[in-house]
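The structure appears below as structure tokens.
What follows draws every value from the coordinates through simple rules; no lab data is involved. Nothing here was measured: the structure is a model prediction, and the numbers come from that model. Ideal geometry is used to build each Cβ from the backbone, glycine not excepted, and the neighbour counts take in all protein chains shown.
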Amino acid sequence: MKKEFFSVALTFFLAAGTPILTMADDSGQSASESKAKIGDIIDKPNEVPGAEQVDDLITNNNLRALSGSLSRLSIASQFNYNGGTIEEPLAQDRPNISAASGNTTKADLDGAISAKYNIDGKNSVMAGIGMRWIAPMSTGSLNNYAGTTFDMMNPYVQYQYVYKWLGVQSVLQVQGMQWTQADYTALGYGQAISVDQENMYQVGKSRLSIGLSAAAQYNFFSKSTDSTGADLASSQSVYAFAFAPIIEYQLSSKVNLRTLVNLFTYEHYLSFPGTTDLVHDGIYQSIGVGVSITRDVFVYPNLQFLPGNIASNLTNVGVAATVNVF
């Protein structure tokens, strides 16, 4: 499944914003209290009224960072360093242990950066662009790689909704993306629509939380053959979806142990005879330590391996980071 699947994509879906100033009511609020609140808004023009409610809904460190800054305007970004194996973590080569489509066998730094506008405390829209840097830790020339080393690619727009249901903390992202990445446009990829739903539930008052990451993507294509006339259907993933259970244990307010198992990832290729025929990508697991550097910055160094075939040459290193500015 494409690397951008969990980190880039859209569709605008605007909800009514909270008015900055409201008429006084008969709640018994004093004039001085009203003036103080108005003064806070004037002094802090980039803050969204009611944004502090997000931190009442979302207490999970990773989801808080994913939900983004509480400011009206901010910069939101997500990055992933996909390194080599634990035997050679800085090597330029990286095994595609899940055998998913779109995964390069080179180490890379990829991600997306966007401008984020908070409509209100729960609803926001973003517009941004993806990026990829092949083998950023390698000092030598790249072996068996003909593409560009650094790309800014795949512009997107995204709608986000933050909410809580039956005690489950949730962040929903709906995204639309234009493929500009050369190795994908060569295969006929045009546009993509994706949905990502992140869920976490704290078990009682314990330090244990369980969750589920669910995502789906649908691709549109601009051509069916390559420059030589060869059919591209076997390389065109029309739709894909994935479900990954998550377990976290809080060591402190800032640090938690975290593991995710990518159990169910399925793809449908254009070459398949039936519209519901699917191929199951390999099951893999990540385990690592999540660190909340600030409310808006979360870093997750981790190892990724095959639960059914644990071996050092099939265990990759990685670091995921969510960074919000302003």
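Specify the inter-centroid distance of region 53-93 and region 220-250, based on alpha-carbon positions, in whole Å. The distance from the Cα centre of region 53-93 to that of region 220-250 comes to 23 Å. Charge dipole (Cα centre; +1 on Lys/Arg Cβ, -1 on Asp/Glu Cβ; no other charges) of region 3-325 amounts to roughly 420 debye.
Axis angle, to the nearest 10 degrees, between helix 31-43 and the longest C-alpha principal axis of the chain: 30 degrees.
For the pairs LYS116/LYS223; LYS122/LYS205; LYS122/LYS223; LYS122/LYS254, note any where the Cα-Cα span goes beyond 29 Å. Beyond 29 Å: LYS116/LYS223; LYS122/LYS223. Ellipsoid semi-axes for the chain, based on the Cα gyration tensor and the rule √(5λ), read 38, 23, 19 Å when sorted largest first.
For the modelled label position 7 Å from the Cα of THR228 along Cα-to-Cβ, which residues of region 183-220 have backbone nitrogen atoms closer than 16 Å? Flagged as within label range: 186-188.
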